[in-house]
Structures are given as C-alpha cells and as structure tokens.
1. For Val205, indicate whether it is modelled with pLDDT of 95 or more and either part of a strand (DSSP E or B) or more than 30 Å from Gly125 (Cβ to Cβ) (or both).
2. So which residues in the range 97-115 are surrounded by fewer than 22 Cβ atoms within 10 Å (Cβ to Cβ) and touching a helix residue (DSSP H, G or I) at 6+ places or on another chain (Cβ under 7 Å)?
3. Is it fair to say Gly162 is away from the ligand (no atom under 16 Å from the Cβ) and at positive phi?
4. Exactly one of these conditions fails for Phe239: (1) open to solvent by 10 Å² or more (accessible area, probe 1.4 Å); (2) of a type outside the set (Val, Ile, Thr); (3) within 12 Å of the ligand (Cβ to nearest atom); (4) over 14 Å from Arg151 (Cα atoms). Give me its number.
5. Answer with yes or no whether Ala299 is in a helix (DSSP H, G or I), modelled with pLDDT of 95 or more and either of a type in the set (A, V, I, L, M, F, W, C) or open to solvent by 40 Å² or more (accessible area, probe 1.4 Å) (or both).
6. Being buried (at least 18 other Cβ atoms within 10 Å of the Cβ) and of a type outside the set (Gly, Ala, Ser) narrows it down to one of Leu122, Leu149, so name that one.
7. Does any residue of the range 211-220 turn out to be open to solvent by 10 Å² or more (accessible area, probe 1.4 Å) and closer than 20 Å to Cys173 by Cα?
8. I need a count of the residues in the range 45-83 that are modelled with pLDDT under 70 and among the aliphatic types (A, V, I, L, M).
Amino acid sequence: MLVDDLSDEHPIRQWPHGDIGVHPQAPLRVQYRMLDAHASLPPGLLAVVRFGAQPLSHGPPAALPAATLPLIVDVPLASLQTSTPAELWLASGPVRSGHDGIVRYAHDDHFLFAAIELDERLHGGIRAASTLAYAAIRRFQARSPFPHLQRMWNYFDAINEGAGDMERYRQFCVGRVHGLDHDTAQRYPAATAIGHQHTTHQLQVFWLAGRRPGTAIENPRQVSAYRYPRAHGPVSPSFSRATLTSDGAVLISGTASIVGHASQHPGDPDAQLEETLRNLAMLGAQADNLAGDPADSRAGNAAQDDHSSRRAELLKIYVREPALIAPIAARLKQTHPTSETIFLAGDICRRELLLEIEGIRSSKTGSL
Ligand code: 3EB
C-alpha cells in the first residue's frame with residue numbers, strides 16, 4: 001500500500017496528539033482579515049488561506065512551537081483587489097499540526113484543515129496527480145478522527161486545455177473519482193475547482209473535515225454534479241452543491257451559471273451573474289429548509305435579506321476577465337450588502353463560463 005512507502009512523520013493511524021475527547025459543539029468560525037505581510041500571524045488560528053499570484057513572505061508566528069502552528073495555504077491566483085484579505089479559520093481550543101506523508105494538516109478539537117500540493121511534472125500529469133492526491137486523502141481521512149469531508153478546494157493550471165474528454169478539468173475529475181474510490185454510502189463534500197491563469201505546475205487540494213458529518217445540499221435548479229450526463233466528461237464531478245455543517249454553517253460550492261446541467265448565457269457576464277445569484281439564493285433556501293429553522297420558514301421569500309442581517313457571509317468571486325469585477329462588485333453591493341468579498345482571477349471549469357461564486361454562511365451562533 002502506498003501509504004507504507006511514505007515517510008510518516010505524524011502518521012494519523014497512530015494519532016500523535018492523544019485522544020480527542022468529547023467536546024461540546026463549537027461553531028465554525030471563518031473571517032476575511034487583512035494581514036500585515038511583515039507581522040506574525042494572529043494567535044488562535046486553525047488555518048490561513050492566502051491569495052496572490054506572487055509568493056508571500058509572512059513572518060512565522062514565532063512564539064508558537066511548530067506542532068501548534070495553523071495550516072498555511074497559499075493559493076496562487078491573482079487578486080483583483082488593491083488589498084486582499086486572508087481567509088482565517090479560527091480554532092476552538094488548542095491546535096495540533098503536522099504532516100502525514102504528503103498531507104499537511106492542522107486540527108483543533110472539532111475540525112481538521114489539510115492540504116496536498118503536488119508538482120504535476122513529478123506525478124505524470126493532472127490525471128495521475130489527481131488520483132494520487134485523492135487516494136492520499138481517502139487513506140488519510142479513513143483513519144483520521146475527523147473522518148467527514150465537508151469542503152474541498154482544487155486549483156491547478158490550464159483547466160480548459162485539451163479537447164473533449166482530454167480537457168484537463170475532465171482528466172482531473174477522472175483522477176479524483178479513481179483516487180476517492182468512492183463508496184456510494186458516503187456523502188460528497190462541497191467543492192471548488194478553479195484554474196490558475198499562469199503556470200505553476202501545481203495541483204493544490206485542501207479541505208475541511210469534521211468529527212461530525214455534515215449534510216450534503218443539492219440545488220433543485222441544477223442536476224447534481226455527480227449525475228451530470230456523459231456529455232460533460234467521462235466521469236461526473238464528485239461534489240455536492242453545499243454542505244450544512246453539524247453546527248449550522250453553510251459551505252457553498254463554487255456556483256456558476258448552470259441550470260439543469262447546461263451552461264446558460266454564454267458570452268453574457270451580466271446574465272451569468274444573475275443566474276449564479278439565483279443558484280446561490282436557492283442553495284441558501286435549501287439550507288434553511290434542512291436546518292428546519294422556524295424563523296427562516298416564516299420569513300419565506302424574504303429569508304435572504306433576513307439572513308444577511310443576522311448571519312455573516314463570505315463570498316469568493318472567481319472571474320476569467322479582470323474587467324468583469326466592477327459590474328459584479330456593484331451588483332453584489334445591492335444583492336449581498338453585508339457580505340464580505342474576495343475577487344480572484346481564475347479560469348472556470350467550463351470554457352463558456354465567465355464567473356463562479358462560492359460562499360460561507362456562519363451558523364446563527366457562530367459570529368464571524
Ligand atoms: C459546476 O457547477 C461548475 O469539480 O469540484 C463547481 C464547483 C464546478 C466544483 C468541482 C466544479 C467543481 O459544474 C463547476
């Protein structure tokens with residue numbers, strides 16, 4: 001088994017940090033915050049996700065021993081804001097970190113954040129690298145005290161390169177399915193898959209996993225991605241439209257202008273944005289129904305406004321063309337006035353799609 005070939009500094013099968021006791025539920029807390037590039041990271045973090053085409057050089061949180069550092073993930077997508085906040089995943093209680101073969105991770109008592117970064121050139125291209133990454137994820141998760149995948153992010157080069165079934169996104173999907181060796185009883189996590197706009201050779205996959213399962217949410221306006229027909233590739237993409245976490249947070253997958261399984265409004269960014277916003281609103285409504293929140297039900301169609309005033313919402317907007325940012329930002333100010341936003345230049349996994357939006361909505365108890 002491949003895992004035995006890897007040098008396990010902290011093999012999860014001998015979970016190195018002692019028993020993880022039973023703790024009351026802690027709300028998932030995420031925030032966008034500007035970090036001073038020269039200062040140490042603030043304390044109390046599970047993970048930090050930073051964005052920018054240029055490598056960053058943050059000072060380490062020097063006061064902390066290595067085994068308690070947050071997981072740091074640098075996503076090489078160009079920011080389209082003058083200053084881009086980092087995404088901070090706040091820890092509840094002590095943090096333990098380490099690596100297990102190719103998996104880097106950090107966890108607190110409730111959630112685990114982990115990452116794999118592979119150079120495609122060393123692993124036989126996108127499909128083989130994806131298989132390797134997802135096989136490592138499956139093995140790691142199977143013996144982790146945080147067995148439930150909630151949310152995955154996938155970033156790699158030239159996502160639309162290649163014709164037909166050889167398109168790199170489709171080959172990535174093939175590798176993902178093979179690596180996960182999916183057990184149908186298992187739920188799919190929510191996900192994002194976006195292409196870098198410059199060459200990095202890197203497949204980067206990172207994820208959030210929990211001690212308790214989340215609930216997968218689908219969008220009634222869309223065919224579930226894992227049921228997409230053959231026309232979209234040799235395998236269907238393995239993700240759900242959103243995850244409702246056990247504490248009531250909603251982790252929304254990358255969402256685009258797709259109705260049924262068909263892309264809508266090719267070449268029309270304004271219409272693609274409106275379609276995407278309808279999909280996001282539907283996912284929010286599905287999450288409310290699932291959470292069985294009586295206040296949300298009473299609010300009916302006004303629920304969306306109600307939510308944005310009560311629950312913090314973080315949005316990440318990926319656009320193919322930087323020029324799309326201004327109109328999107330203006331429209332989001334109307335539809336999501338209290339949401340915080342990060343705008344990134346990235347390629348969407350279908351070439352006709354110009355933008356994609358993912359989101360995190362806090363639980364009502366989890367102040368962001
Ligand atoms: C879509 O809805 C758009 O393959 O992990 C969005 C989010 C998309 C995640 C993935 C793909 C993925 O099909 C593409």
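The values are calculated or read from the model by the stated rules, or taken from the named source; none is laboratory data. All figures in this text were calculated on a predicted structure; none of them were measured in a lab. Cβ: placed from backbone, ideal geometry, glycine included. Neighbour counts: every protein chain shown. To get the accessible areas, we keep the full protein, side chains included, count just its heavy atoms, and leave off ligands, DNA and RNA. Shrake-Rupley method; radii C 1.70, N 1.55, O 1.52, S 1.80 Å.
1. Considered against the rule, which asks whether it is modelled with pLDDT of 95 or more and either part of a strand (DSSP E or B) or more than 30 Å from Gly125 (Cβ to Cβ) (or both), Val205 comes out as yes.
2. Residues satisfying the conditions are Gly98, Gly101, Ile102.
3. no
4. Of the numbered conditions (1) open to solvent by 10 Å² or more (accessible area, probe 1.4 Å); (2) of a type outside the set (Val, Ile, Thr); (3) within 12 Å of the ligand (Cβ to nearest atom); (4) over 14 Å from Arg151 (Cα atoms), the odd one out for Phe239 is (4).
5. When the stated conditions are applied, Ala299 does not pass them.
6. After ruling out the rest, the residue left standing is Leu149.
7. yes
8. Residues flagged as modelled with pLDDT under 70 and among the aliphatic types (A, V, I, L, M) within the range 45-83 amount to 4.
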